[in-house]
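The structure appears right after this line, and notes come after that.
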Amino acid sequence: MNKRVFFDAGHGGRDPGAVKYVREADVNIKVVNFAVDYLTKHFEVEIYKDVTGDSTNVISNRANQWRADLFVSVHFNAGGGDGFEALVYSSKNKALGVCFEKYVKQTGQNSRGVKIRPELNVLRLTNMEAVLCEIAFVDNKKDISDWDEDAELKQMGRALALACADWLDLEVKTEGVTYKTLEALNFRKAPDLKSQILEVLPKGAVLVGTEVSGGWLKTTYKKKSGYARIEGRKSYMKRM
């Protein structure tokens, strides 16, 4: 039986959420849609997507009745800060927040850390493991400018999807292959060891892409398209 992920797009309906440079409800649903699209394309998983804007009590009960394995609530923040936050119920859930933080940081977004918030209903009332992701601050022009276009929000949705897949150890579908880096390695513009280095992939990075002849993986990282070495004189990544 496939694992189940319940996505809650924060606010919605008559509730726009935080509003300044963007409406929170609008970007919440876009990130959720992109995350769901990516998950269902690449992994064996069942999804419940809630965009109703109902009370947190109702949403938590809905997730409990559906018997989700993981609850992910997507929000954008306000209050003049800068960066991503992962909110969890207690210190016992901190590893879940760290998992999401890891993949979000791979997009280039900085993190304000994992916060313990037992008073939040969506975390307190859900029976399964739950995380509330505050992606960026809608009232910080510099912060939200990196996450106000569809291409950028798609990258964030992908990051949340990969965090779900990693946490639940989801089975990969045949249309995409997933690798995890065994050490830090160069992410290059072309499948050539002499090609320009775009980024350095950290140890443990999870990448989904297409295998290319010559021992390379064509993928994306921090909004850049490029290639990472799979095999050579040694193994650089492990297929998941």
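The values are calculated or read from the model by the stated rules, or taken from the named source; none is laboratory data. These numbers come from a predicted model, not from an experiment. Neighbour counts are summed over all protein chains in view; Cβ atoms, including those assigned to glycine, are modelled from backbone coordinates with ideal geometry. For accessibility, only protein heavy atoms count, side chains too; no ligands or nucleic acids. Shrake-Rupley method; radii C 1.70, N 1.55, O 1.52, S 1.80 Å.
A few notes on this one:
- Reported value for the range 64-110: 111 Å³ per residue, from the convex hull of its C-alpha atoms.
- Put a plus charge on the Cβ of each Lys and Arg, a minus charge on the Cβ of each Asp and Glu, and nothing anywhere else: the dipole of the range 91-240 about its Cα centre is then about 620 debye.
- Fraction of alpha-carbon pairs over 23 Å apart in the range 94-177 - percent: 30 percent
- Computed over the range 1-129, the ratio Rg/Rh where both radii use C-alpha atoms and Rh is Kirkwood: 0.93
- Candidate aspartates and glutamates - alpha carbon under 13 Å from Lys49, same-chain residues fewer than 8 apart omitted: Asp8, Asp37
- According to the calculation over all Cα-Cα pairs in the range 1-69, the P(r) per 5 Å bin from zero is 3, 17, 24, 21, 18, 11, 4, 1, 0 %.
- Relative contact order of the range 171-223, pairs being alpha-carbon contacts under 8 Å that are 6 or more residues apart, as %: 33 percent
- Net lengthening on full extension, Arg23/Met1 (0.36 nm per residue, minus Cα-Cα): 4.2 nm
- Placed amide H near Met240: partners under 5 Å, 5+ positions off or other chain: Thr178, Tyr179, Lys180
- Computed Rg/Rh of the range 28-67, alpha carbon atoms with Kirkwood Rh: 1.01
- The trypsin sites (Lys or Arg not before Pro) of the range 29-114 meeting both criteria, a DSSP state outside H, G, I, E and B (loop) and at most 14 other C-beta atoms within 10 angstrom of the site's C-beta, are Arg67.
- For a paramagnetic label modelled on Lys203 (point 7 Å from Cα along Cα→Cβ), amide N atoms under 16 Å away belong, within the range 144-184, to 180-184.
- Full-stretch length increase - Met240, Glu183 - with 0.36 nm per residue and alpha-carbon distance subtracted: 19.0 nm
- Euclidean distance between Cα centres, the range 151-182 to the range 33-91, Å: 16 Å
- For the chain, the longest principal axis of the C-alpha atoms and the axis of helix 56-66 are separated by about 60°.
- Surface share of carbon and sulfur [accessible, 1.4 angstrom probe, percent] for the chain: 46 percent
- Here Lys234 is the anchor, and the lysines within straight C-alpha reach of less than 24 Å, apart from those fewer than 8 places off in the same chain, are Lys180, Lys189, Lys194, Lys203, Lys218.
- Cβ-derived FRET efficiency at R0 22 Å, Lys218 paired with Glu171, nearest 0.05: 0.55
- Mean separation of Cα pairs under 8 Å and 6 or more residues apart, divided by the residue count, gives the chain a relative contact order of 20 percent.
- Per residue accessible area of the chain, 1.4 Å probe, in Å²: 48 Å²
- Computed over the range 129-240: relative contact order in percent, which uses C-alpha pairs under 8 Å that are six or more apart: 22 percent
- Top positive-direction residue, dipole computed over the range 120-240 with Cβ charges, set Gln155, Phe187, Ser213: Ser213
- Full-extension gain in nm, Asn61 to Lys92, via 0.36 nm per residue minus C-alpha separation: 9.0 nm
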